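The values are calculated or read from the model by the stated rules, or taken from the named source; none is laboratory data. Predicted model only: the values in this text are computed from it and were never measured. Cβ placement follows ideal geometry from the backbone for every residue including glycine, while neighbour counts extend to all protein chains displayed. These area figures cover heavy atoms from the full protein model, side chains too; ligands, DNA and RNA do not enter into them. Shrake-Rupley method; radii C 1.70, N 1.55, O 1.52, S 1.80 Å.
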Amino acid sequence: MTVALVLVLVVVGSILFHILSPWWWTPLASNWGYIDDTIIITFWITGAVFTAVVLFMAWCVLRYRHREGVRAAYQPENKKLETWLTIGTAVGVAAMLAPGLYVWAHFITVPDGAAEVEVVGQQWQWNFRLPGEDGKLGRSDARLVSFENPLGIDPDDPAGQDDLVIEAADLHLPVDKPVKMVLRSIDVLHDFYVPEFRAKMDMVPGMVTYFWLTPTRTGTFEILCAELCGVSHGFMRGTLMVDTEQDYRAWLQGQSTFAQLSGSRQTGMVEEAGQ
Amino acid sequence: MVDATHRAGGVIPPAEVPELELYHPKSWWTTYVFSQDAKVIAIQYAGTAMAIGLVALMLSWLIRLQLGFPGTFDFITPDAYYQFVTMHGMIMVIYLLTALFLGGFGNYLIPLMVGARDMVFPYANMLSYWIYLLAVLVLVASFFVPGGPTGAGWTLYPPQALLNGTPGGQELGIILMLVSLILFIIGFTMGGLNYVVTVLQGRTRGMTLMRMPLTVWGIFTATVMALLAFPALFVACVMMLFDRVLGTSFFMPALVEMGELTSHGGGSPILFQHLFWFFGHPEVYIVALPAFGIVSDLISTHARKNIFGYRMMVWAIVIIGALSFVVWAHHMYVSGMHPLFGFFFATTTLIIAVPTAIKVYNWILTLWRGDIHLTLPMLFALAFIVTFLNGGLTGLFLGNVVVDVPLSDTMFVVAHFHMVMGVAPILVIFGAIYHWYPKITGRMLNQQLGLFHFWVTFVGAYAIFFPMHYLGLVGAPRRYPELGGTAFIPESVADLNAFISITAFVVGFAQLVFLFNLIWSLRYGKEAGPNPWRATTLEWQTPTTPPPHGNWGDERPVVYRWAYDYSVPGAPQDFIPQNDPWPDKPLTRPA
């Protein structure tokens, strides 16, 4: 009796917790509503299975608990029942997998015309790079990283000279414009994670990874690192602002290019050495 | 299979080979310490695993102290926190669960359940335990070296695992961790070969493969998998050790450490992840399959009903075992590997849900129209079904590639894997200990203490890990010692974290009650007799309880039927042991 009751309470409690608890995902700020929809489908299917199985179990425990003089039924197998259960399960699984793969195909297909924004992770800060007038990011290599060149941009690549370098400061993105986040790390694994965007991806030293999104509302968002990157992993935070086109242009004006930065840093070094 | 599994009879061939002479211990040392008896080795394995498991339990308390009450305990620095998390994970997965299921239950149950006198290579079996003990000691030693144990997370992902920004990365911690794993794998291989060969070659007459209890099928399949999966971890550990000690660059690309370019270059961090998860995913099933097998036998015995769909259950175990080698990269959807892999691994991962679901159905269909005795083993089995089902279903979120993207690396993942490969298998371990303790010691465990232990553990563990999924849904990342001032996380999350921590302390305390019960009942437990559960399998039919070295006295048993003849219509009792020829006469034995 107690056991059956507790099993029922587990089901009822879980459903109530799901409905009533204040803990739910953050309001979406990107085009990835598809992902939220797939999660909802998965919640419905898995929730139904959980409820059905545990309640059936509770009923069995109540109905077939030991009573003197009653023997269990003898039935080694039931091919028909097993076949139907297998088919039903396969259908349920397909109902989750199909939308999942459909959305994944979208997720990995970057639309033409998406602007590129590079994120460079390092222990334990976020740096960014935007292509300049030419719309192209210059070549980069971790072996070129130095004080004057914190992102390791190849000084011999003309495409890199006009790149805007944003070192340990906020990143701005224009609203409603698709953007391809190009991800790089100069030391260990990191992961660019903005919960409101739903999307995330690891940043791997020696590789360039990516994902894409379209920010759908303006506001200030936190960037977290989602891949363990050493002792200050939990404190590796950044800020991302989604601006109107106008605000974005204004912010862009205030940024310095790679050429400007390396020039001024070298001058600074010379001055320091001269003192 | 030629013989219909659930029908008695068939032709039982005469013995083809004479029995091998057992090694006879000559002293107390060779009987109880350097023993070659699988049952003694099993107890050594289980004792060591539980001892190191206690360390993992205490580490989990420290983790929960920090997460529930961040900023309160000054001694839990971020360094220490990562060390606790890493060692807790590694101990639980490898040194407790793997060792206890295969080294503990495997050693005790395989020879008894298949009617053998011992494992086929007793000396290698003994060495297996001692090398395992050495691995545990090396692991423990890392707590006492300068810099302490590694804090790289149990996945040990390079490059950070080998760098200064991670505790133990440039000190001894990571080296000892890798050496300990290498030793563990060497030791495991010696035991694992034994389990496989004993099942294939050591079965008694009449014990066909399709008459074996599912416990043996589960442990056997898990061992085969482990023998195929551990080598990937072994080479990964050796290569990483070379990277750390000899300056090679298997996993180390050109990178900047604290502003300085290191001498590494050209290696691939993702290669390590592939090797790790090629081991790591089968590892989940290496822990789960023995649990599946054992829980099947617990349910069948205590519901007095044959396991529903035995052949389907065997094939499900084998298919899950095979499929689990082609799903590993579902741990790497956001690792930066080629995105097209996502289609393949999501599909294989969700396909594996089908045989797994069949197992769940067959467990509850065994309860259906059964004669359910709510004994402690049955209670733990029921709790296993609930938690395993819950954890399995959340696996459908994480396995489905695009759904994994927002949830990956959040507390949702932590909640999922604790439910499915922490809580669920451990509940089976408890059920199994309550079930077989009477055979091992001759005494029953105390019922009252057991009920206390059961209710606190089941309800408490569910209350810890079910709400934790929602932390991940909110977006709280895993492996953060504190969430800090994060605008998108509501303040009520701190209350939930405190609740989870307090519940964890209570559940942890209940485990101490269990340990006390284990010791107390050795002396004061009720006498059990040879077969207190009226079970059919061979280990309950030994002439002496606890079974002595050699198990069977003069004659090994002959098996006439499958392991699940409960409540057979017309039979005098509601169970027929496997070595009972009813309604026929026993075979005449050769002189």
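Each principal axis of the Cα cloud of region A:115-274 was evaluated for its coordinate range; sorted largest first, these ranges are 49, 39, 25 Å. When the C-alpha to C-alpha distance is required to be over 19 Å, the pairs from A:Lys180/A:Lys200; B:Lys39/B:Lys359; B:Lys305/B:Lys359; B:Lys39/B:Lys305; B:Lys305/B:Lys439; A:Lys136/A:Lys200 that qualify are B:Lys39/B:Lys359; B:Lys39/B:Lys305; B:Lys305/B:Lys439; A:Lys136/A:Lys200. Work out, in µm²/s and without decimals, the Stokes-Einstein translational diffusion coefficient of region B:96-201 at 4 °C, 1.567 mPa s, Rh from Kirkwood over C-alpha pairs. Using the Kirkwood radius from Cα pairs, D works out to 86 µm²/s. Accessible area per residue for chain B is 33 Å², calculated with a 1.4 Å probe on protein heavy atoms, without ligands, DNA or RNA.
Between B:Val33 and A:Asp134, what is the FRET efficiency for a Förster distance of 51 Å, r being their Cβ-Cβ separation, to the nearest 0.05? Intermediate results must be reported in sequence, preceding the final value.
Numbers: r = 75 Å, r/R0 = 1.47.
So the FRET efficiency works out to roughly 0.10.
For chain A, the antiparallel share of DSSP beta bridges with both residues in that region comes to about 70%. Considering chain A as a Gaussian network with a 10 Å cut-off on Cα pairs, which listed residue, A:Gly69, A:Gly160, A:Gly47, attains the greatest mean-square fluctuation? Its mean-square fluctuation being the largest, the pick is A:Gly69. Temperature 20 °C, viscosity 1.002 mPa s: under these conditions the Stokes-Einstein estimate for chain A, based on its Kirkwood radius over C-alpha pairs, is 93 µm² per second.
Antiparallel DSSP bridges in region A:115-274: what percent, to the nearest 5? Please list the in-between numbers first.
Details: 28 of 40 bridges.
Antiparallel: roughly 70 percent of the beta bridges in region A:115-274.
Label-to-label distance, A:Val12 versus B:Asp574, with points set 7 angstrom from Cα along the beta-carbon direction: 3.0 nm.
Solvent-accessible surface of protein heavy atoms, probed at 1.4 angstrom with all chains present, puts A:Glu68, B:Glu482, A:Glu227, B:Glu257 in the order A:Glu68, B:Glu482, B:Glu257, A:Glu227, largest first.
The solvent-accessible area of B:Phe250, taken with every protein chain present and a 1.4 Å probe, is close to 80 Å². Of the residues A:Leu81, B:Leu473, ranked by 1.4 Å probe accessible area with the largest first, the sequence reads A:Leu81, B:Leu473. With a Förster radius of 60 Å applied to the C-beta separation of B:Phe242 and B:Leu512, the computed FRET efficiency comes to 0.90. Measuring with a 1.4 angstrom probe and ignoring ligands and nucleic acids, B:Trp28 comes out at about 150 Å² accessible.
Solvent-accessible surface of protein heavy atoms, probed at 1.4 angstrom with all chains present, puts B:Ile110, A:Ile15 in the order A:Ile15, B:Ile110, largest first.
In region B:432-522 the Cα-Cα distances spread across 10 Å bins starting at 0 as 15, 35, 22, 17, 10, 2 percent of all pairs.
Once the Cα gyration tensor of chain B is found, what semi-axes does its equivalent ellipsoid get, as square roots of 5 times the eigenvalues, in whole Å, sorted largest first? Display every interim value, and only then the final one.
Details: eigenvalues 344, 136, 111 Å².
Semi-axes (√(5λ), whole Å): 41, 26, 24.
Rg/Rh for region A:171-235 (Cα atoms only, Rh after Kirkwood) is 0.98.
Among beta bridges from DSSP that stay inside the protein assembly as shown, the antiparallel ones total about 70%. Place a point 7 Å from the Cα of B:Thr72 along the Cα-to-Cβ direction; which residues of region B:455-476 have their backbone N under 19 Å from it? Label zone hits: B:464-465, B:468.
State the volume of the convex hull built on the alpha-carbon positions of region B:14-143, expressed per residue in Å³ and rounded to an integer.
Details: hull volume 14.2 nm³, N = 130.
That works out to 109 Å³ per residue.
Distances longer than 35 Å among the Cα atoms of the protein assembly as shown: what percent of all pairs is that? Of all Cα-Cα distances in the protein assembly as shown, 52 percent exceed 35 Å.
Probe radius 1.4 Å, ligands and nucleic acids ignored: give me the carbon and sulfur share of the accessible area of the protein assembly as shown as a rounded percent. Provide the component values of the computation, followed by the final result.
Working: 21060 of 31710 Å².
Here it works out to 66 percent.
With the gyration tensor restricted to C-alpha atoms of region B:342-442, the semi-axes of the equivalent ellipsoid amount to 31, 16, 10 Å, longest first. Panel note: contact residues of region B:145-174 (accessible area lowered by at least 20 Å² against the chain on its own; 1.4 Å probe) correspond to B:Tyr157, B:Pro159, B:Gln160, B:Leu163, B:Gly165. Taken across both chains, chains B and A shield about 9100 Å² of accessible surface from a 1.4 Å probe. Among the residues of B:344-356, the average count of other protein chain beta-carbon atoms within 10 Å of the residue beta-carbon is 3. Quick one: check the C-alpha center-to-center distance for region A:124-140 versus region A:220-243, whole angstrom. So the separation of the two Cα centres works out to 19 Å. Note on A:Thr86: accessible area approximately 40 square angstrom, rounded to 10, probe 1.4 Å, nucleic acids and ligands left out.
If you plug the beta carbon distance of B:Val235 and B:Leu209 into 1/(1 + (r/R0)^6) with R0 = 30 Å, you get a FRET efficiency near 0.40.
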